[in-house]
Amino acid sequence: MVTLSKNAADRLAPDRLSGRQKVAILCMAVGAEAAGKLTATLHPEEAEIVALEMAQLNSVPPATINFVLNEWLELTLGVDSLSTGGVEFAKDVLEKAFGPAKAQQILKRIQGQLADSDRFGRLRRADPQQLGNTLRGEHPQTIALILAHLDPAHTAAIIREFEPALGGEVMFRIAKMEKVSPEMISLVERAIGNQADLAFSQGMSSVGGPAAVAAVLNLVSSSLEKEVLDLVSEKDPSLSDQIKNLMFVFEDLSSLDDKSLSRLLREVDVKQLALALKAASPDLKAKIMGTMSQRAVTGLKEEMEFLGPVKMRDVEAAQTDIVSKVRALEETGEIVLSAGTDDVIV
């Protein structure tokens, strides 16, 4: 039997668990096969977070495992009955299972989560240009709070609608954001909710952080990325370094081994690669061509010469798309990148 230190036991006390820790403990408790089915429903970034939490949990007290499993059972029963027969049916099922008082607590928690999903779902479906225009006149903290709840691609599209100074300020605030209080969300709802038909969850939520900003900056042009990082660096150099360490930019292709780079190049059209390499460093060009056949290198060089002068924004767009392909391969497990290092596992 493994004996936990007092500090470790305190960190894993039921009332101190974070949401990600609960998911990690649940996955550990139900076994590898069931855990695989659970994590398959998550976003790749969420699955990575859960995997990291599991790796850090060497031993969990039995009382904590029981707490997590019971909470999961309560919520699962509540959600299933709510979706099957509505609120009254769910209430009846939960009361029979847990009693009136406990049933009311569970139902209230579930309804809040479902409302949160629906409300932010409207934001996620909003046109980036329209939402950007709506938010442009708001305080940067208000904008940051909203964008922190969107996926990176949507946030990146909206940031492109802003002036670089505003975009940088918003990204800085997202990077510094951790827990969001119900009071803050309530203020935002009053400030902008009626104007844009937006609504927000009233519960404490964890959003933002350096990783969220890195995910967004991976999807914008290198010029905008530099402007944002420069602004963040002026305010907090160490935070800027954290973001950079979590990013993967086009020049980082030089950190891939030959096998990984060859796998990537199979996904990239020669015209797109030629365009992207127009502004690449000599070292990166040599690295890429060194993994290609002589015939392919000849074709690539001819394509680059044929392009002639090109607009920088077109080059940046091609580079961004190739980086997106790297991330896609990483998500499918064909390339595994170690954030902040040059190590690549394939």
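The values are calculated or read from the model by the stated rules, or taken from the named source; none is laboratory data. Quick caveat, the model's predicted, so the values are computed rather than measured. Ideal geometry is used to build each Cβ from the backbone, glycine not excepted, and the neighbour counts take in all protein chains shown. SASA here: full protein model, heavy atoms, side chains in, ligands and nucleic acids out. Shrake-Rupley method; radii C 1.70, N 1.55, O 1.52, S 1.80 Å.
Answer yes or no: is there a residue in region 201-222 that is modelled with pLDDT of 85 or more and in contact with a Lys or Arg (Cβ under 7 Å, 6 or more places away or on another chain).
No, region 201-222 has no match at all.
Exactly one condition in (1) assigned to a helix (DSSP H, G or I); (2) modelled with pLDDT under 80; (3) touching a Phe, Trp or Tyr at 6+ places or on another chain (Cβ under 7 Å); (4) within 27 Å of Lys235 (Cβ to Cβ) is false for Ile192; which is it?
That leaves (3) as the condition not met.
Just to be sure, is Gly137 of a type in the set (Gly, Ala, Ser) and not in a helix (DSSP H, G or I)?
yes
Looking only at residues in region 277-286 that are in contact (Cβ under 8 Å) with a residue 12 or more places away in the chain and aliphatic (A, V, I, L, M), which one is most open to solvent (accessible area, probe 1.4 Å)?
Looking at the filtered set, the residue picked out is Ala279.
Exactly one of (1) outside any helix (DSSP H, G or I); (2) open to solvent by 70 Å² or more (accessible area, probe 1.4 Å); (3) touching a residue at least 40 places away in the same chain (Cβ under 8 Å) is unmet by Val220. Its number?
So Val220 meets the others, but not (2).
Looking only at region 242-292, count how many residues are more than 25 Å from the chain's Cα centre (by Cα), small (Gly, Ala, Ser) and more than 24 Å from Pro309 (Cα to Cα).
Total meeting the criteria: 2.
Can Arg20 be described as farther than 23 Å from Ala215 by Cβ, modelled with pLDDT under 75 and open to solvent by 80 Å² or more (accessible area, probe 1.4 Å)?
No, not satisfied.
Taking Gln129 as the residue in question, decide whether it is polar (S, T, N, Q) and modelled with pLDDT of 80 or more.
The answer is yes for Gln129.
Just for region 251-261: of the residues that are open to solvent by 40 Å² or more (accessible area, probe 1.4 Å) and in a helix (DSSP H, G or I), which one is nearest to Ala317 (Cα to Cα)?
Glu251
Output the residues belonging to region 287-340 that are at pLDDT below 90, among the polar types (S, T, N, Q) and open to solvent by less than 70 Å² (accessible area, probe 1.4 Å).
Result: Gln319, Thr320, Ser324, Ser338.
Just one of the numbered conditions (1) open to solvent by 40 Å² or more (accessible area, probe 1.4 Å); (2) modelled with pLDDT under 80 is not true of Phe120; which one?
So Phe120 meets the others, but not (1).
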